[in-house]
Number of protein chains: 4
Amino acid sequence: MTTKNELTKFLQNEFPQVSLSIESVGDRSATIRKKINHNHLRPGGTVSGPVLMEIADVALYVTILSEIGLVALAVTTNLNINFLRKPSSDSDIFAQCRLIKLGKTLAIGEVTIYSDGMAEPVAHAVGTYAIPPVN
Amino acid sequence: MTTKNELTKFLQNEFPQVSLSIESVGDRSATIRKKINHNHLRPGGTVSGPVLMEIADVALYVTILSEIGLVALAVTTNLNINFLRKPSSDSDIFAQCRLIKLGKTLAIGEVTIYSDGMAEPVAHAVGTYAIPPVN
Amino acid sequence: MTTKNELTKFLQNEFPQVSLSIESVGDRSATIRKKINHNHLRPGGTVSGPVLMEIADVALYVTILSEIGLVALAVTTNLNINFLRKPSSDSDIFAQCRLIKLGKTLAIGEVTIYSDGMAEPVAHAVGTYAIPPVN
Amino acid sequence: MTTKNELTKFLQNEFPQVSLSIESVGDRSATIRKKINHNHLRPGGTVSGPVLMEIADVALYVTILSEIGLVALAVTTNLNINFLRKPSSDSDIFAQCRLIKLGKTLAIGEVTIYSDGMAEPVAHAVGTYAIPPVN
């Protein structure tokens with residue numbers, strides 16, 4: 001198990017352009033949070049789809065690394081996302097990820113994405129990461 | 001049919017943070033291109049997944065708008081992407097989109113994404129947009 | 001809310017070739033079960049993928065109809081399924097579905113599929129149904 | 001390369017319950033065809049979703065085996081399908097598959113599914129197979 005602090009430091013070093021905070025990790029799960037600003041919006045005053053996709057992808061990455069250690073080269077092989085409701089333009093987005101398979105070469109997880117203050121999720125994703133072989 | 005120039009101007013106004021150029025549109029298809037810089041890379045020296053997802057999403061959007069007109073409020077409802085090969089870190093990414101359904105309320109297209117100079121695609125996506133009703 | 005008995009009768013009338021039983025419905029959720037026989041197997045002595053896809057699809061259908069009533073013409077528009085582990089060839093398959101969106105025109109749910117006696121799921125699906133307009 | 005006749009014999013032995021014919025194989029592609037009867041229909045007088053999913057899955061399997069040989073234990077790991085239009089209830093269904101990646105451990109392909117006599121496709125799928133290691 002990798003700690004929240006180790007993961008936070010790793011994420012800041014490896015992905016400095018992605019400004020996300022890790023709220024909790026543990027038991028094949030993680031919750032991450034992103035502050036939304038005007039760069040993340042699209043016409044209609046809502047958070048753009050690609051921002052939600054990035055959050056889903058990073059939530060999966062953080063959850064997998066929390067289990068297997070800081071393996072930077074784990075890569076997404078598939079992501080499927082459904083956009084469910086329009087997020088608020090002035091609330092944080094947070095995402096809860098839960099792994100449904102953690103094998104030697106593949107990990108699969110589902111991510112539920114919320115706009116802070118709304119009861120129902122704004123998006124739901126399922127993704128697969130390939131885990132590089134241990135040398 | 002919306003022209004390439006109209007689409008380019010629209011994209012620059014509505015999505016100024018997305019730096020993409022439209023290479024061609026027509027016949028329910030479009031090709032778009034993005035210059036890659038170090039902000040788009042991830043560990044392993046390759047283009048990050050979320051950058052490819054954004055390109056897939058915008059390629060669909062451009063192709064749909066080229067057919068239905070500049071309806072800013074068309075929104076993605078589903079996107080499924082497979083990452084196939086590692087893109088080069090110093091080549092443009094370009095994406096070819098082709099609609100497979102253009103209904104009154106839903107449009108579905110597939111997108112093949114290339115790293116310039118590689119023969120085989122680096123990713124493949126299929127996505128659905130909801131088209132807002134005409135008032 | 002449609003009752004379990006009403007749904008069972010409806011399913012037997014409309015889909016006589018699909019031999020499934022409904023274990024429970026309620027609160028935007030349902031659990032269904034299917035007895036596996038040799039017609040459902042594939043090389044390697046496991047339940048075939050298409051059988052699991054059918055179970056996922058019917059679990060979604062049953063859960064949606066339990067909420068909106070016996071609308072035979074609701075149709076699947078998208079299904080995404082991940083196969084996680086090899087099911088046992090001589091155990092029932094059961095599936096738990098939970099809706100994550102129930103709109104006027106679209107319903108989206110996720111389905112976790114188990115092989116009876118195994119703790120971990122054998123497959124996970126997310127699907128969308130289009131709900132026909134009320135006349 | 002495995003020939004059409006070898007594949008047909010293999011399919012009949014390994015999947016006797018699946019009544020499909022192989023129309024052509026070659027160049028990382030294949031076309032298969034299925035006769036539709038009343039067992040394949042659903043309310044609304046159309047071919048049921050699970051029948052189309054099975055055709056997509058088998059089309060991928062046949063195309064992959066045509067390239068790698070008769071490896072019965074190749075298994076689907078992911079399938080994503082969009083249903084585009086209502087197939088005719090009294091026409092054959094045929095499916096054209098094309099591989100977009102053929103790696104050592106994973107193969108990914110897309111499948112376009114038609115109802116004979118209709119110009120536009122009735123469904124489109126993308127799927128991944130895991131290829132077992134050679135001993």
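Relative contact order of chain D: 25 percent, from C-alpha pairs under 8 Å at least 6 residues apart in sequence. Residue-level result for chain A: its Cβ closest to the axis carrying A onto C, with that distance in Å, is A:Asn80, 2. The string of couplings for segment B:41-51 from the Karplus curve (6.51, -1.76, 1.60, θ = phi - 60°) is 9, 9, x, x, x, 9, 5, 6, x, x, 5 Hz, one whole number per residue in order, with x for Gly and Pro. The contact residues of segment D:77-105, meaning those that lose at least 40 Å² of 1.4 Å-probe accessible area when all protein chains sit together rather than their chain alone, are D:Thr77, D:Asn78, D:Leu79, D:Asn80, D:Asn82, D:Phe83, D:Leu84, D:Ile100, D:Lys101. B:Gly69 label point (Cα plus 7 Å toward Cβ) to equivalent points in the other copies: 3.6, 6.0, 6.0 nm, shortest first. In this view, the solvent-accessible surface of A:Arg42, computed with a 1.4 Å probe and all protein chains in place, comes to about 30 Å². Within the full protein context, the accessible area of A:Thr2 is estimated at about 10 Å² for a probe radius of 1.4 Å. Residue by residue, segment D:57-70 carries 3J(HN,Hα) couplings of 5, 5, 4, 5, 4, 4, 5, 5, 5, 5, 8, 9, x, 7 Hz when phi is fed to the Karplus relation 6.51 cos²θ - 1.76 cosθ + 1.60 (θ = phi - 60°); x denotes Gly or Pro. Each label was represented as a point 7 Å from its Cα along the Cα-to-Cβ direction; for D:Ser24 and C:Met118 these points are 3.9 nm apart.
With a ≥ b ≥ c taken as the square roots of the eigenvalues of the C-alpha gyration tensor of the protein assembly as shown, please select rounded if a/c is under 1.5 and otherwise prolate if a/b is larger than b/c or oblate if it is not?
Working: a/c = 1.29, a/b = 1.29, b/c = 1.00.
Because its axes are fairly even, with a/c under 1.5, the protein assembly as shown counts as rounded.
On the protein assembly as shown, 51 percent of the accessible area sits on carbon and sulfur atoms, based on a 1.4 Å probe.
In this rough spin-label picture, where each label sits 7 Å from Cα along the Cβ direction, the D:Lys104-C:Asn39 distance is 4.2 nm.
Each copy carries a label point for D:Ser89 at 7 Å from Cα toward Cβ; from one copy, the others' points are 3.7, 4.9, 6.0 nm away, ordered from shortest.
What number comes out for accessible area per residue over the protein assembly as shown if the probe is 1.4 Å? Units Å², please. It would help to have the intermediate numbers written out before the result.
Details: 22100 Å² over 540 residues.
For the protein assembly as shown, the per-residue accessible area is 41 Å².
Note on D:Lys101: lysines with a C-alpha under 27 Å away, same-chain residues under 8 apart excluded, are A:Lys101, A:Lys104, B:Lys34, B:Lys35, B:Lys86, B:Lys101, C:Lys86, D:Lys4, D:Lys9, D:Lys34.
Each other copy holds its own label point for D:Thr105; taking that point as 7 Å from Cα along Cα to Cβ, the gaps run 0.4, 4.3, 4.3 nm, nearest first.
The values are calculated or read from the model by the stated rules, or taken from the named source; none is laboratory data. The shown structure was predicted, so the numbers you read here are calculated from the model rather than taken from an experiment. Don't worry about glycine lacking a Cβ; one is built from the backbone with ideal geometry, like all the others, and counts go over all protein chains shown. Note: accessible area is taken over every heavy atom of the protein model, side chains too, but ligands, DNA and RNA are not part of it. Shrake-Rupley method; radii C 1.70, N 1.55, O 1.52, S 1.80 Å.
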